[in-house]
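The values are calculated or read from the model by the stated rules, or taken from the named source; none is laboratory data. Values in this document were obtained by computation on a predicted structure and should not be read as measured data. When we count neighbours, we look across all protein chains shown, and the Cβ atoms used for this are built from the backbone with ideal geometry, even at glycine.
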Amino acid sequence: MSKNYKLTLLTSIFIAGLIAANTLGSKVTTLFGIAVSVGILAYPLTFMVTDAVSEVFGKKQAKQIVWSALIAQTLVLVLTYVSIKLPAAGRYHLNNEYVQVFSSSLRMMIASLIAFTISQTHDVWAFDFWKRMTKNKFLWLRNNLSTIFSQAIDTLLFMFIAFYGINEKFTVIFILQLCLSYWLFKVLFSLLDTPFVYLLVRWLKKEDKNELPTS
């Protein structure tokens, strides 16, 4: 498998993780006694991918993945809005439920679009910064430092844009409490994904014996 194919595959996983987190994230589940969005399971994939790509291919390539995902998510946002506004056929009897589900997803997508762009841009910059500071050493440290702070930015922006004021319960204090629990989960996921980042980096660096050298 060529490095270009591997990069394309990781880009697909990155975009899938982002869209899955946004479209599925309106459902709330309970993990370890704490209520969290199911989207929390998919979104950490994006940080893992950009860190691995940045490690092997550099900051520029990681940025290209972020911008590709941004374009894809914007397209999904537009298509979701159009789908909600189009009138339902007479034989389709679930339009109210459809609109209710995807209208909530619409606000989450807008929130995610803003939070994603800022946090992922910071993550790529931070990883590259720590890579230079550590002189390409301590991948585990660079991966976690960049991701943990970027996840804090993402969580704060997303939670306030997506949920502030949707009802009287969602006050500033309540959202900050939610942000703390969500962020702690993301920190845990960041620590747990460190071995997978090492595996991804090793996989990306592995030479394909069938790949012809370029000159």
Can we say GLU97 is touching a residue at least 60 places away in the same chain (Cβ under 8 Å), among the acidic types (Asp, Glu), out of contact with any Asp or Glu (no Cβ under 8 Å at 6 or more places or on another chain) and part of a helix (DSSP H, G or I)? no
With respect to the numbered conditions (1) surrounded by fewer than 17 Cβ atoms within 10 Å (Cβ to Cβ); (2) touching a residue at least 12 places away in the same chain (Cβ under 8 Å), which one is the sole condition not fulfilled by VAL82? (2)
Residue satisfying condition, being free of Cβ contacts under 8 Å to residues at least 24 places away in the same chain and of a type in the set (Ser, Thr, Tyr), within set THR134, THR74: THR134
Over region 50-67, the set of residues touching a residue at least 60 places away in the same chain (Cβ under 8 Å) and hydrophobic (A, V, I, L, M, F, W, C) is ALA52, VAL53, VAL56, PHE57, ALA62
Does region 40-49 contain at least one residue that is surrounded by fewer than 18 Cβ atoms within 10 Å (Cβ to Cβ) and without any contact (Cβ under 8 Å) to a residue 24 or more places away in the chain? no
What do you reckon, is ALA16 of a type outside the set (Val, Ile, Thr), modelled with pLDDT of 85 or more, more than 24 Å from TYR198 (Cα to Cα) and in a helix (DSSP H, G or I)? no
Filter pass, SER190 being of a type in the set (Gly, Ala, Ser) and modelled with pLDDT of 90 or more: no
Can you name the residue in region 95-114 that is at pLDDT below 90 and of a type in the set (A, V, I, L, M) and, of all such residues, is nearest to the chain's Cα centre (by Cα)? LEU113
Taking region 164-210 and keeping only residues that are in contact with a Leu (Cβ under 9 Å, 6 or more places away or on another chain) and touching a residue at least 24 places away in the same chain (Cβ under 8 Å), one is left with CYS179, TRP183, PHE185, PHE189, ASP193, THR194, VAL197, TYR198, LEU200, VAL201, LEU204
